[in-house]
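Below is one structure, written out as structure tokens; the observations come after it.
The values are calculated or read from the model by the stated rules, or taken from the named source; none is laboratory data. The structure displayed is predicted, hence computed values, not measured ones. FYI the Cβ positions are ideal-geometry reconstructions off the backbone, even for glycines, and counts take in every protein chain you see. SASA here: full protein model, heavy atoms, side chains in, ligands and nucleic acids out. Shrake-Rupley method; radii C 1.70, N 1.55, O 1.52, S 1.80 Å.
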Amino acid sequence: MPAPIPSWIFFDCFNTLLDDFDETGDESGLRPILDLPVREGYFATKPDFVNAYSRWRRSRLTGDDSREVLLKDRLTDVLAASGTTGRKPVHRVVREMIEEFERAYPKQVRPTPGVEAMLAAWRGRVRMGVVSNFYLPGWPEQLLADHGLLCNFDFVVNSAEVGIRKPGAGIYREAFRRAGLTDDLAGDVLFIGDNLRNDVLGPRSMGMNAIYFDRSLDRPMAEPQSWKNSIANWDAFRPR
């Protein structure tokens, strides 16, 4: 899709610039730490923990509440709600889970196919930023740097630092602030990402233009969403 050149492009990070799903399609990053709450007696099986975490996500990260919840607090809530007294206190198990996550998660992260060439095509023509939902401070920047992509962007806004998740208006306004834009200049921004709600509908509600990055052919757990202005790979996203 040859695209007119805006003043700014804001990108989502995960499964847009960086892929983090594993071979099963899991995008939570929690698979390497599933054995810990089982081993310490908080859950009988790994699926029990996964189901409990999924229920927590549905209750806390949906609807109109856009407040971000850090990984430590997520895990603490889930273990504390298990109704079980484990072999170690919750805070110690959570600490061990996060330490294991920090060792294992970066190993499954890699650039999305074609992203380097796409960014090179836009570099110098438009200014670019990243607006990411993530539950650990500093991680989108570090992972982008690890893969040689951070140099393309003027800024990275992360929900863990702002305290607000997409599609909450506050995180987009923080991106405007970093870009030196006011709300009335939202039309100068093109937002692109793989989540229709967060990266298309949310930005459009703020006055931005948006393209949906449909990854359903690449991600085992992704379902295609119908949107008129969409692409399926980075080769289709080049300036006119």
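Which ones in the stretch 96-118 are more than 30 Å from GLY86 (Cβ to Cβ), touching a Leu at 6+ places or on another chain (Cβ under 7 Å) and part of a helix (DSSP H, G or I)? Within the stretch 96-118, VAL115 is the sole residue that qualifies. Are any of the residues in the stretch 69-92 in contact with a Ser or Thr (Cβ under 7 Å, 6 or more places away or on another chain) and part of a loop (DSSP other than H, G, I, E, B)? No; the residues of the stretch 69-92 include none that is in contact with a Ser or Thr (Cβ under 7 Å, 6 or more places away or on another chain) and part of a loop (DSSP other than H, G, I, E, B).
Report, by residue number, each residue of the stretch 120-171 that is of a type in the set (Lys, Arg) and within 30 Å of ARG57 (Cα to Cα).
Taking the stretch 120-171 as the starting set, the residues that turn out to be of a type in the set (Lys, Arg) are 123, 125, 127, 165-166.
The answer is ARG165, LYS166.
All told, ASP218 meets the bar of being part of a loop (DSSP other than H, G, I, E, B) and open to solvent by 30 Å² or more (accessible area, probe 1.4 Å). I need a count of the residues in the stretch 221-240 that are part of a loop (DSSP other than H, G, I, E, B), touching a residue at least 60 places away in the same chain (Cβ under 8 Å), surrounded by fewer than 16 Cβ atoms within 10 Å (Cβ to Cβ) and of a type in the set (A, V, I, L, M, F, W, C). Residues flagged as part of a loop (DSSP other than H, G, I, E, B), touching a residue at least 60 places away in the same chain (Cβ under 8 Å), surrounded by fewer than 16 Cβ atoms within 10 Å (Cβ to Cβ) and of a type in the set (A, V, I, L, M, F, W, C) within the stretch 221-240 amount to 1. In this structure, LEU185 does not satisfy being part of a loop (DSSP other than H, G, I, E, B) and under 23 Å from ILE5 (Cβ atoms). Report yes if LEU79 is over 29 Å from LEU17 (Cα atoms) and open to solvent by less than 30 Å² (accessible area, probe 1.4 Å), otherwise no. It is true that LEU79 is over 29 Å from LEU17 (Cα atoms) and open to solvent by less than 30 Å² (accessible area, probe 1.4 Å).
A quick yes/no check of all residues on (1) within 21 Å of GLN142 (Cβ to Cβ); (2) open to solvent by less than 40 Å² (accessible area, probe 1.4 Å):
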| site | (1), (2) |
| --- | --- |
| TRP8 | no, yes |
| ASP12 | yes, yes |
| LEU18 | yes, yes |
| GLU23 | no, no |
| GLY29 | yes, yes |
| PRO32 | yes, no |
| ASP35 | no, no |
| TYR42 | no, yes |
| THR45 | no, no |
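Within the stretch 133-184, being closer than 28 Å to GLU99 by Cβ, of a type in the set (Gly, Ala, Ser) and in contact with a Leu (Cβ under 9 Å, 6 or more places away or on another chain) holds for one residue alone: ALA160. Please verify whether TYR212 is part of a strand (DSSP E or B), buried (at least 19 other Cβ atoms within 10 Å of the Cβ) and not hydrophobic (A, V, I, L, M, F, W, C), treating the condition exactly as stated. Yes: the conditions hold for TYR212. From the list GLY86, GLY29, exactly one residue is at positive phi and in contact with a helix residue (DSSP H, G or I) (Cβ under 7 Å, 6 or more places away or on another chain). Which is it? Answer to the check: GLY29. Can you confirm whether the stretch 128-135 contains a residue that is open to solvent by 10 Å² or more (accessible area, probe 1.4 Å) and either free of Cβ contacts under 8 Å to residues at least 40 places away in the same chain or among the acidic types (Asp, Glu) (or both)? Looking for residues that are open to solvent by 10 Å² or more (accessible area, probe 1.4 Å) and either free of Cβ contacts under 8 Å to residues at least 40 places away in the same chain or among the acidic types (Asp, Glu) (or both), one finds none in the stretch 128-135, hence no. Look at the stretch 62-80: where a residue is touching a residue at least 40 places away in the same chain (Cβ under 8 Å) and a partner is open to solvent by 40 Å² or more (accessible area, probe 1.4 Å), sitting 6+ places away or on another chain with Cβ atoms under 7 Å, you get SER66/ILE164; ARG67/ILE164; GLU68/ILE164; VAL69/ARG60.
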